[in-house]
Amino acid sequence: MRWGRLLVGMAVLALASGSVQREDELVRVVGYAYTFQGIPYSWGGGHAARPGPSRGTCRGYTGSVRPCPALWTRGLDCSGFTRWMYRLGFGEDVLGNGTTDDHIRRLRKVSVAQPGDLVFYGTGRKTHHVGVYVGGGKMINAFATGTKTRIDDVSAVRDLLGYYHYPA
């Protein structure tokens, strides 16, 4: 009986400390997102072996700026930006290299977003944009070629899929 209570108490403490830690990590994600506004958008930027600004790629580029500037622009695309912010906030590359479709699989959908969660756009089959939710209907994101990381309303992109939380 005594050991059972002890184990339950330890489990409660472990869960409580885990949730506090997760909240601290999300606060750090938001802080870094605010700090790193102004980085140029680069299609495929942020997808090198290590998270952070990098030159992009023109493979698959469909943007309106011609010719594709990604090969000479050191910057981030939307998933490269969120990957880097989560690397800084969580202390490790928790989202990994990949696209918005790869990243969303590592998260769980939530009905009520909290600052630091990720906001995704697209459909259940194919996503195309992601940003860091900062509260008040706003996100910080790498929006498109020709822009820099910035704050936008979550309604700036029309096909909101939902808010997602790490860990899944």
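Can you name every residue in the range 37-58 that is aliphatic (A, V, I, L, M) and either more than 21 Å from the chain's Cα centre (by Cα) or buried (at least 20 other Cβ atoms within 10 Å of the Cβ) (or both)?
Residues of the range 37-58 that are aliphatic (A, V, I, L, M), as a first pass: 39, 48-49.
Within the range 37-58, just 39 meets the criteria.
Of these, 157, 112, 132, which one is β-branched (Val, Ile, Thr), under 17 Å from residue 36 (Cα atoms) and at pLDDT 95 or above? Please lay out each step first, then the result.
On the way: 157 fails: under 17 Å from residue 36 (Cα atoms); 112 fails: under 17 Å from residue 36 (Cα atoms).
So the residue among 157, 112, 132 that is β-branched (Val, Ile, Thr), under 17 Å from residue 36 (Cα atoms) and at pLDDT 95 or above is 132.
Using the structure shown, decide if residue 87 is open to solvent by 70 Å² or more (accessible area, probe 1.4 Å), outside any strand (DSSP E or B), over 21 Å from residue 73 (Cα atoms) and modelled with pLDDT under 95. Can you show your working first?
Details: open to solvent by 70 Å² or more (accessible area, probe 1.4 Å): yes; outside any strand (DSSP E or B): yes; over 21 Å from residue 73 (Cα atoms): yes; modelled with pLDDT under 95: no.
So residue 87 fails the test.
For every residue, the table says whether it meets (1) assigned to a loop (DSSP other than H, G, I, E, B); (2) under 24 Å from residue 65 (Cβ atoms); (3) open to solvent by 20 Å² or more (accessible area, probe 1.4 Å).
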position	(1), (2), (3)
130	no, yes, no
133	no, no, yes
143	yes, yes, yes
161	no, no, yes
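For the range 109-139, a tally of residues being touching a residue at least 40 places away in the same chain (Cβ under 8 Å) and in contact with a Gly (Cβ under 6 Å, 6 or more places away or on another chain) returns 3.
Scanning the range 59-80 for residues that are out of contact with any Pro (no Cβ under 9 Å at 6 or more places or on another chain) and not in a loop (DSSP other than H, G, I, E, B), we see that the one that is surrounded by the most Cβ atoms within 10 Å (Cβ to Cβ) is 78.
Residue check: residue 125 meets all listed conditions (1) open to solvent by 50 Å² or more (accessible area, probe 1.4 Å); (2) modelled with pLDDT of 95 or more but one, namely (2).
The values are calculated or read from the model by the stated rules, or taken from the named source; none is laboratory data. Nothing here was measured: the structure is a model prediction, and the numbers come from that model. With ideal geometry, Cβ positions are generated from the backbone for all residues, glycine too; neighbour counts draw on all protein chains shown. Quick note on the areas: whole protein, heavy atoms, side chains included, nothing else; ligands and nucleic acids left out. Shrake-Rupley method; radii C 1.70, N 1.55, O 1.52, S 1.80 Å.
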